[in-house]
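So the structure is just underneath, and the comments pick up after that.
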Amino acid sequence: MRRIVLSRLALVGAIAVLFGFLVPMTSTGATTAHPTYPLGSASSCKAHYVKKILTHKVKGKTESYIACVYKAPAGPTLTQQQRSAVEEANQYLSTEAFSQQGLIDQLDSPDGGGYSVHDATVAVDSLTVNWNAEAVKSAKEYLALEPFSCNDLIQQLDSPDGGEFTVAQATYGAQQAGDC
């Protein structure tokens, strides 16, 4: 009996052909599968997938096919109050460092924006903010005012009266600010 030895790539390719899937290999060797259809096919994609014409070269020959590619659904539409809260949140972030919770608290406080907790939370959650970077900025702001030990700075960044960062964010901020 003759034994056939296939490389991982050949084996994945054989399975792809057998089951009608395109299985591209990433640089780490991971695979992702997309159902494929011949050009002109009337097959439809599942929810959150869109048809896309893809091409690839195999031994100098270009092949085209239709693949179902994942497309994330659109995020929720913000109300006027939430859009205003987003604008105000961005203004706050441009002037000083905030944690996610600290920014929500600022937006919903009577001395801040006066938004409802729900609108403030939705607005802040819709932002793309690196909260670790905010913790570093906040740590540097505190250190510019007075000296802190590493533990005291982490506690200040984490406390409800301080930055309200998570312990992980506060630790990262203190370390990156050079206090630990």
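The values are calculated or read from the model by the stated rules, or taken from the named source; none is laboratory data. Computed from a predicted model, the values in this text were never measured in an experiment. For neighbour counting, all protein chains shown are included, and Cβ atoms are generated from backbone atoms with ideal geometry for every residue, glycine included.
Points to keep in mind about this one:
- From V129, V122, residue being surrounded by fewer than 21 Cβ atoms within 10 Å (Cβ to Cβ) and outside any helix (DSSP H, G or I): V129
- Breaking point among (1) out of contact with any helix residue (DSSP H, G or I) (no Cβ under 7 Å at 6 or more places or on another chain); (2) modelled with pLDDT under 95; (3) within 19 Å of D161 (Cα to Cα), for G113: (1)
- Residue check, A174 crowded, with 17+ Cβ neighbours inside 10 Å and part of a helix (DSSP H, G or I): yes
- Complete set of residues in segment 162-171 that are touching a residue at least 12 places away in the same chain (Cβ under 8 Å) and not in a loop (DSSP other than H, G, I, E, B): V167, Q169, A170, T171
- Boolean, F148 is assigned to a loop (DSSP other than H, G, I, E, B) and surrounded by 20 or more Cβ atoms within 10 Å (Cβ to Cβ): no
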